[in-house]
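Colleague: So that we are looking at the same thing, I have put the structure below in C-alpha cells.
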Amino acid sequence: MKTDTTFKLGDFEINRIGFGTMRVSTGAGIWGDTLNKENAIKVIRTAIENGVNFIDTADAYGPYTSELLVEEAVRPFKDQVMVATKGGAVKYKPGAILSNGHPYYLRTAIEGSLKRLQSEIIGLYFLHRVDPNIPIEESVGALSQFQKEGKIKHIGISNVTLEQLEKAQTVAKIEAVQNAFSFKDRRYEAVVNKTTKDCIPFIAHTPVAKNSWDDNALVKAQKENISTNQLSLSWLLNYAPNVISIPGTSSEKHLMENLASYAIRIEF
Ligand SMILES: NC(=O)c1ccc[n+]([C@@H]2O[C@H](COP(=O)([O-])OP(=O)(O)OC[C@H]3O[C@@H](n4cnc5c(N)ncnc54)[C@H](OP(=O)(O)O)[C@@H]3O)[C@@H](O)[C@H]2O)c1
C-alpha cells in the first residue's frame, strides 16, 4: 500500500501533515497570548525543519495573537511555507466565538490579517464559518472581490455542509475546504468526497484531539507498536489523496510522533 505524501494547491505542493496553531499560539480558551511563546515558536520552526509546509491560523485565535506569533515563527521560512488564515469569526471572550460573514466586516478582517502576517497576499484565506444571517454567496463573493484585488491567492471555506459548498462554488473557485474530520467524526464525509471528486484539498481539523478507537483498531495499533494518534493520522492519510491533516501540538516529541505517521503502513 502506497500513500501519497503531498497534494497540490495551485502550484504549491502541500505535505499532507500540516500544523494547526490554534492551541499552541494562544492562552486558555483560545484567548490571549500563549504562556510559552518561546516554545510555540520553537515547535512551529521544528515542524517546518522536518517538512511541514502548511501552517494553519485564524484572526479569531487569541484573537490576533496567533497570526502575530505565526508570522514571527515562519519569518525565516516565508518562501517555503503556505500560511492559511481565516476571517469571519469573532472571538469575544475565552471559549466563545460568533460568526460575522458580512462583506464589510470581512474587508476589515482581511486587512488586519495582511498587516499581522506582514504580507501583501494571503496564500489561502478561509471563510471561518458561515454566518446564519448572511447568504454564503455574499460572504464568498466578498472573498472573490479580495482575490481580484490581489489580497488572496486561494479561497477556502470552513465548517460547511455539502449544500453550502455547492452554493459557494457558484460565486468563486473554492480551492480548499476545512472541516472537522477523523475516524470518529465523519459528519462531513459527503463534503470530503466532493472535494476528492473536485480534486481540491480537504483540510481535516481536530484530527487527533477527540479521537477514540474501537477495540479492533486498538489491537492493530498495539500489534504495529504505534500510538492511537498515529493511527488517526495514518487513517486520514489513507482516506483519500486530497485529505490533509493539521494536528496541533506544543510538544516536539508529539510533533515527531505525528510526522512519523507517514511511514505507517496499515490496512483499515
Ligand atoms: N476551522 C475551524 O473551525 C477549526 C476548529 C478547530 C481547529 N482548527 C484547526 O485545527 C488545528 C488542530 O485542531 P485542535 O488543536 O483542536 O485538535 P488536534 O490537533 O486534533 O489536537 C490537539 C491536541 O492533541 C494533543 N496532541 C497532538 N499530538 C499529540 C500526540 N502525538 N500525542 C499526544 N497528544 C497529542 C495536543 O496536546 P500537546 O500540546 O500536549 O501535544 C493538543 O492538546 C487547530 O490548531 C486549528 O488550526 C480549525
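The values are calculated or read from the model by the stated rules, or taken from the named source; none is laboratory data. Computed from a predicted structure; not experimentally measured. Please note: Cβ atoms are built from the backbone with ideal geometry, for glycine as well, and neighbour counts cover all protein chains shown.
Colleague: Please work out which one of (1) within 12 Å of the ligand (Cβ to nearest atom); (2) over 21 Å from residue 256 (Cα atoms); (3) of a type in the set (Lys, Arg) is the condition residue 23 fails and give its number.
Modeller: (2)
Colleague: Are any residues in the range 224-250 part of a loop (DSSP other than H, G, I, E, B) and within 13 Å of the ligand (Cβ to nearest atom), and if so, which ones? Steps first, answer last, please.
Modeller: Initially, the range 224-250 is screened for residues part of a loop (DSSP other than H, G, I, E, B), giving 225-227, 240-242, 246-250.
Across the range 224-250, the qualifying residues are 226, 227, 246, 247, 248, 249, 250.
A quick yes/no check of all residues on (1) free of Cβ contacts under 8 Å to residues at least 24 places away in the same chain; (2) surrounded by 19 or more Cβ atoms within 10 Å (Cβ to Cβ):
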{"site": "6", "(1), (2)": "yes, no"}
{"site": "16", "(1), (2)": "no, yes"}
{"site": "37", "(1), (2)": "no, no"}
{"site": "49", "(1), (2)": "yes, no"}
{"site": "60", "(1), (2)": "no, yes"}
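Colleague: Among the numbered conditions (1) surrounded by fewer than 21 Cβ atoms within 10 Å (Cβ to Cβ); (2) within 11 Å of the ligand (Cβ to nearest atom); (3) modelled with pLDDT of 95 or more, tell me where residue 204 comes up short.
Modeller: Condition (1) is where residue 204 drops out.
Colleague: While we're on this one: Out of (1) buried (at least 21 other Cβ atoms within 10 Å of the Cβ); (2) free of Cβ contacts under 8 Å to residues at least 24 places away in the same chain, the odd one out for residue 98 is which?
Modeller: (1)
Colleague: Still on this structure, I have one more. Among the listed residues 55, 44, which satisfies the condition of being in a strand (DSSP E or B) and either crowded, with 23+ Cβ neighbours inside 10 Å or of a type in the set (Lys, Arg) (or both)? Break it down into steps so the answer makes sense when it comes.
Modeller: Working: 44 fails: in a strand (DSSP E or B).
None of the other options fit; the residue is 55.
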